[in-house]
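Have a look at the structure below before the remarks.
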Amino acid sequence: MIGGVVLHGTGGVWHVRGEDGTVRQASLRGAVKHAADVKLAVGDAVVLRPDRRGQVWAIAEILPRRSQLVRRSPGGAWGERVIVANVDQVVVVFAIAKPEPHRRMLDRFLVIAEANALAARVVINKIDLASEAAIEARFGDYRRIGYPLHCTSTTIPAGLDALHDALRGRTSVLTGPSGAGKSSLLNAMYPGLGLRVGEISESVEKGRHTTVGAFMHPLPDGGYVVDTPGLREVGLWRIPAEALAGCFPEIRERANACRFTDCRHLTEPGCAVREAVQAGTISAERHESYVKVMGELGNRE
Ligand code: GDP
Ligand code: ZN
């Protein structure tokens, strides 16, 4: 018996990395497939045993998960789908320019992390393209909300050691728009590893457009970086409207001062959240993101 972690899977063949670092192909045939209520996901810790035929290994056991990134799809056709198990944090990477950052999109990624009770950090890359003051003015509020904010550049270079420390020994879902510099950052932090985020996922997506396969890349000094195209299709995530305020830490913190306990922080009188927006203690842009996502949730069914 060998313990391991599921790196990725295609067509019923799962690639499992053992404690010794060897990757073995394994299948989910036989007892465990039918007995366990949990469906195997990328990131799962498993126990392998040699298959009788000796060709592949069999997954004998799925160990309990410490966390999971779940996508709830609208319409209920797919129900819940675990995209990655045992995630420690979501790392959202945007560039300060080229391409222009979209705060709305950043906020959606953070909502997904919060909805899954996962820690999140924000990386603003390409800081060589803007002044420190401009970066602080546009993204400083994320640090004030409580998200660790990394300002990085692969060209100066800057901020790479701190980001490296944040990834070491952890399983991090890395996301953000294409061109933000995710691959460049990984290659700057782990020279010689040749990681390219998005490559594998995109080819999987093209083949079967409903596939949201995640891919775990082991890091040389411990931990994993997870590449998951599913996270980019934010429109497909469903979060109950009443839970949305809980996905914005600064709104969540203020909401109990609202006059009505079921306040949605939209147009209600005595809304402490909107008062905080007017006073400038909650960022108007963040509240706009909240209103926008709320609108989308309401329009869905
Ligand atoms: P990904 O799609 O997020 O993986 O982005 P890539 O790593 O492929 O980078 C996209 C482009 O941005 C490439 O042309 C990189 O050379 C460039 N790039 C990456 N990091 C930086 C940076 O810190 N500063 C600048 N100016 N360009 C960068
Ligand atoms: Zn309110």
Which ones in the stretch 100-128 are touching a residue at least 24 places away in the same chain (Cβ under 8 Å) and farther than 23 Å from L167 by Cβ?
-> H102, R103, R104
Restricting attention to the stretch 247-257, does a residue exist that is farther than 29 Å from V84 by Cα, surrounded by 18 or more Cβ atoms within 10 Å (Cβ to Cβ) and at pLDDT 95 or above?
-> yes
When both residues are 6+ apart or on different chains and their Cβ atoms are under 9 Å apart, which pairs have a first residue that lies in the stretch 260-287 and is open to solvent by less than 30 Å² (accessible area, probe 1.4 Å), and a second that is near ligand 2 (Cβ under 10 Å from one of its atoms) and aromatic (F, W, Y)?
-> G270/F260; C271/F260
Just to be sure, is R66 charged (D, E, K, R) and touching a residue at least 60 places away in the same chain (Cβ under 8 Å)?
-> no
Which of (1) modelled with pLDDT of 95 or more; (2) of a type outside the set (G, A, S); (3) open to solvent by less than 50 Å² (accessible area, probe 1.4 Å) is the odd one out, the single condition R66 does not satisfy?
-> (3)
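The values are calculated or read from the model by the stated rules, or taken from the named source; none is laboratory data. For clarity, every value in this text was computed on a predicted model and none was experimentally measured. Cβ coordinates were reconstructed from backbone atoms using ideal geometry, including for glycine residues, and neighbour counts include every protein chain displayed. Accessible surface areas use protein heavy atoms only, side chains included; no ligands, DNA or RNA. Shrake-Rupley method; radii C 1.70, N 1.55, O 1.52, S 1.80 Å.
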